[in-house]
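Below is one structure, written out as structure tokens; the observations come after it.
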Amino acid sequence: MKNEKDCRAAVRDFCLQNRLLCPGQPLRLAAAVSGGADSMALLLLLRALQPEFGYTLSACHVNHGLRGTAADRDEAFVRQACGALGVPLRVFHAAELADTVDAPPPHAGEDWARRLRYACFERLCEEGIDAVATAHTANDQAETLLLRLARGTGLHGAAGIRPRRGCYLRPLLCLNRADTEAVCRAAGQTWVTDETNETDAYARNRLRRAALPALQSTNEAAVENLARFCEKAAQADAYFAQKAEALLMDARLSDTDPVCWRLEPLAAADAPILETALHRLAAPVRDPEEKYIRLLAQLVQQGSGAVQLTGKVRFCAADGVLRQETQAESAGWDADAAAAFTAALQAGKPARMPLPGGKTLTARVFPADFEEKIQVVHKKDLKNRADYARITTLYAGLVLRTRQPGDVYRPAGRAVHNRLRKWMNEADIPAQQRDTLPLLAAGSEVLWVCGSGFAEGLAPDETTTQILQMEQET
């Protein structure tokens with residue numbers, strides 16, 4: 001267990017190493033505060049680090065309305081604590097998100113509560129917040145890993161909770177639960193306990209109350225070791241992702257058909273690389289559970305048959321070709337096919353996608369040479385160029401697609417994220433173009449918009465070694 005000073009130093013270093021925070025960078029940061037020890041430690045540590053990094057700090061609390069007076073007690077506690085610390089607080093109630101999240105079903109559980117929380121966080125971003133910090137710790141990382149292993153997962157899932165996902169930051173992944181309690185005690189800060197954490201009704205609680213203590217009885221550093229394994233899995237996943245992108249590029253049947261691949265190079269690939277490639281193909285279509293990856297791998301090896309991923313999308317193998325098929329095919333730009341086109345980028349081998357009107361979208365990666373670094377790049381080129389290493393470090397699962405509900409975008413020069421829909425209104429994008437406008441995205445965060453350019457913070461600089469360039473060709 002670390003003392004408060006060591007915890008603060010660990011979080012500072014973790015934020016710098018993972019580029020979660022940057023000194024002097026204007027940032028409106030909201031800490032998600034439930035009132036528990038982890039979230040109170042998050043608030044205390046972010047408040048302590050605020051002078052060095054210079055961000056504007058606020059807090060948000062979600063009252064799910066599922067626990068009656070206990071939930072109201074937690075809300076009152078967070079209000080009092082934030083008032084004492086001088087941190088502005090935004091409180092959400094489920095009724096505020098009635099237009100976004102369905103009413104809680106009978107016996108609503110953590111899945112519904114999580115959807116509500118993230119809908120609240122998205123609303124915060126619409127209101128001007130740039131990033132939301134959540135209080136996930138090494139214990140949460142260890143629990144997530146064990147749950148995924150028990151349910152069946154691959155290397156990507158074993159990487160666990162990433163330090164950053166879009167606008168969500170996890171500064172406490174370098175601390176364990178004992179550390180967060182130590183931070184609170186050192187500051188004389190109390191916390192509340194969610195009584196639902198004491199029940200064995202939820203699988204995560206059973207892991208927390210039984211499996212982890214059993215592992216820690218074998219090795220008291222079990223939590224830290226499991227979290228460290230996730231870090232190594234994330235590094236290995238990134239390595240295999242590069243190999244998988246090269247494989248998909250090599251297997252592509254033609255540059256004009258983004259959903260058709262030759263089976264021969266796929267079947268000849270090493271199993272981990274093939275599985276990663278299939279994961280990248282399945283991810284834009286559905287949650288790529290391990291069972292679906294196994295089925296797709298069997299399909300590749302057999303060379304014939306089909307795997308239905310959703311009611312609308314399936315992968316078929318025949319005549320030496322693996323092809324993604326949808327129920328409704330349309331001429332020109334096919335939004336479903338675009339959504340399933342994973343950007344298979346490799347230096348020197350551009351990825352191409354056909355656009356309406358005979359145009360082509362090209363994504364290519366090339367080295368940033370000395371001349372590139374010292375010369376001023378024309379604005380029309382700069383807005384379509386980004387630091388490739390920075391993007392792949394901060395984001396996983398880059399996808400070329402069209403817009404989807406919940407998308408957010410932060411154009412270069414803007415201080416805040418906006419709903420993509422709202423930005424399109426402000427930018428006067430013609431209504432007839434909005435559903436077919438090509439985007440580069442990671443989850444719901446849009447990183448590039450055709451005609452507008454890359455998002456804030458991704459532009460190449462003097463440290464850039466590889467450049468990602470997006471071009472629309474006639």
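Throughout, read-outs are computed from the coordinates displayed, never taken from laboratory work. Just so it is clear, the structure is predicted and the values come from calculations on it, not from any experiment. Note: ideal-geometry Cβ built from the backbone for every residue, glycine included; neighbour counts use all protein chains shown.
For the pairs Lys232/Lys312; Lys359/Lys422; Lys383/Lys422, flag any whose C-alpha to C-alpha distance is greater than 29 Å.
Table pairs above 29 Å Cα-Cα are Lys232/Lys312.
How large is the charge dipole for segment 1-60, taken about the Cα centre, if only the Cβ atoms of Lys, Arg (+1) and Asp, Glu (-1) carry charge, to the nearest 20 debye?
100
Measure nothing fancy, just the Cα-based angle from helix 271-282's long axis to the longest principal axis of the chain, in degrees from 0 to 90, nearest 10.
90
What residues have an amide H closer than 5 Å to that of Ile467, excluding those fewer than 5 places away on the same chain, when H is modeled at 1.01 Å from N in the peptide plane?
Amide H neighbours of Ile467: Phe366, Ala368, Tyr388.
Where Rh is the Kirkwood radius over the Cα pairs of the chain, the temperature 25 °C and the viscosity 0.890 mPa s, what D in µm²/s does Stokes-Einstein return?
In µm²/s, the coefficient rounds to 102.
So what are the ³J(HN,Hα) numbers for segment 59-74, from phi and the Karplus equation (6.51, -1.76, 1.60; θ = phi - 60°), rounded to whole Hz, Gly and Pro as x?
10, 9, 9, 10, 9, 5, x, 9, 10, x, 5, 5, 5, 5, 4, 4
Taking the chain as the reference, fit the longest principal axis to its C-alpha atoms, fit the long axis of helix 4-17 to the helix C-alpha atoms, and give the angle between the two in degrees, 0 to 90, nearest 10.
Approximately 10 degrees, to the nearest ten.
How large is ³J(HN,Hα), in whole Hz, for each residue of segment 222-234 in order, when computed from phi with the Karplus curve 6.51 cos²θ - 1.76 cosθ + 1.60 and θ = phi - 60°, using x for Gly and Pro?
For segment 222-234, the Karplus-derived couplings read 4, 4, 5, 5, 5, 5, 5, 4, 4, 4, 5, 5, 5 Hz, x marking Gly and Pro.
Once amide H atoms are built 1.01 Å from N in the peptide plane, which residues 5 or more positions from Leu169, or in another chain, come under 5 Å H to H?
Val132, Ala133, Thr134
Tell me, how many Å apart are the Cα centres for segment 31-57 and for segment 236-291?
40
Skipping prolines and chain starts, which residues have an amide H placed within reach, meaning under 5 Å, of the one on Val91, given they are 5 or more residues away or on another chain?
His61
Using each residue's phi in segment 148-163, evaluate 6.51 cos²θ - 1.76 cosθ + 1.60 at θ = phi - 60° and report the 3J(HN,Hα) Karplus result to the nearest Hz, with x for Gly and Pro.
Running phi through 6.51 cos²θ - 1.76 cosθ + 1.60 with θ = phi - 60° gives 5, 5, 5, 8, x, 8, x, 4, 4, x, 5, 5, x, 7, 7, x Hz.
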